[in-house]
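Take a look at the structure below.
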Amino acid sequence: MKTQPIRRFYLLTFNLFIVGGLMSCSSLGKSSFNGINLRNVTDISNIKSPNNQGTVYLQGKVINIVPLSEPWQAYQMRDSSGTIWAITSQKGLKITDKLLIKGNLRYQSIPVATEELGDFYVEEQERIEHSPASQL
């Protein structure tokens with residue numbers, strides 16, 4: 001008679017694992033934020049190629065801020081693969097803020113003698129997510 005409670009325990013435990021597993025799988029297909037498919041977020045190191053220009057989604061941490069002429073500022077963003085500079089007219093950034101942005105990737109050529117010292121930068125179009133440093 002003791003096998004009946006043990007069997008119920010195992011059956012209940014098995015059902016909880018199945019239901020929990022099914023519920024967790026439903027979120028795997030929803031890798032988006034405000035309609036943005038997070039699979040479209042690009043590593044910074046992958047966008048720095050000569051023919052790569054256009055709209056990009058980047059996620060990272062602000063590591064440097066430089067004021068430009070009002071209302072513009074430039075900030076340097078870092079992810080696990082590298083860094084890139086971005087320009088924006090939006091205010092409120094601080095170092096160590098985390099961002100998810102949509103922007104236009106641009107290349108600025110800087111020829112010096114026989115060398116090309118240009119680099120890529122991003123014109124921020126939209127700040128999709130902003131986690132201030134004070135809330136981290």
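Rule-based calculations on the coordinates, nothing more; no lab input. Just so we're clear, the structure is a prediction, and the values are computed from it rather than from any experiment. Counting neighbours? That spans all protein chains shown, and the Cβs are built from the backbone with ideal geometry, glycine included.
Picking from G103, G82, G60, which residue would you name as being among the small types (G, A, S) and either touching a residue at least 40 places away in the same chain (Cβ under 8 Å) or loosely packed, with under 13 Cβ neighbours inside 10 Å (or both)?
Going through G103, G82, G60 in turn, the sole match is G103.
Among the residues of region 53-86, write down those that are of a type in the set (F, W, Y) and not in a strand (DSSP E or B).
W72 - this is the single residue of region 53-86 that is of a type in the set (F, W, Y) and not in a strand (DSSP E or B).
Could you grab me the full set of residues in region 86-100 that are surrounded by 12 or more Cβ atoms within 10 Å (Cβ to Cβ) and either among the small types (G, A, S) or touching a residue at least 60 places away in the same chain (Cβ under 8 Å) (or both)?
If we filter region 86-100 for residues that are surrounded by 12 or more Cβ atoms within 10 Å (Cβ to Cβ), which is where we start, we get 86-88, 90, 93, 95-100.
Those that are surrounded by 12 or more Cβ atoms within 10 Å (Cβ to Cβ) and either among the small types (G, A, S) or touching a residue at least 60 places away in the same chain (Cβ under 8 Å) (or both): A86, L100.
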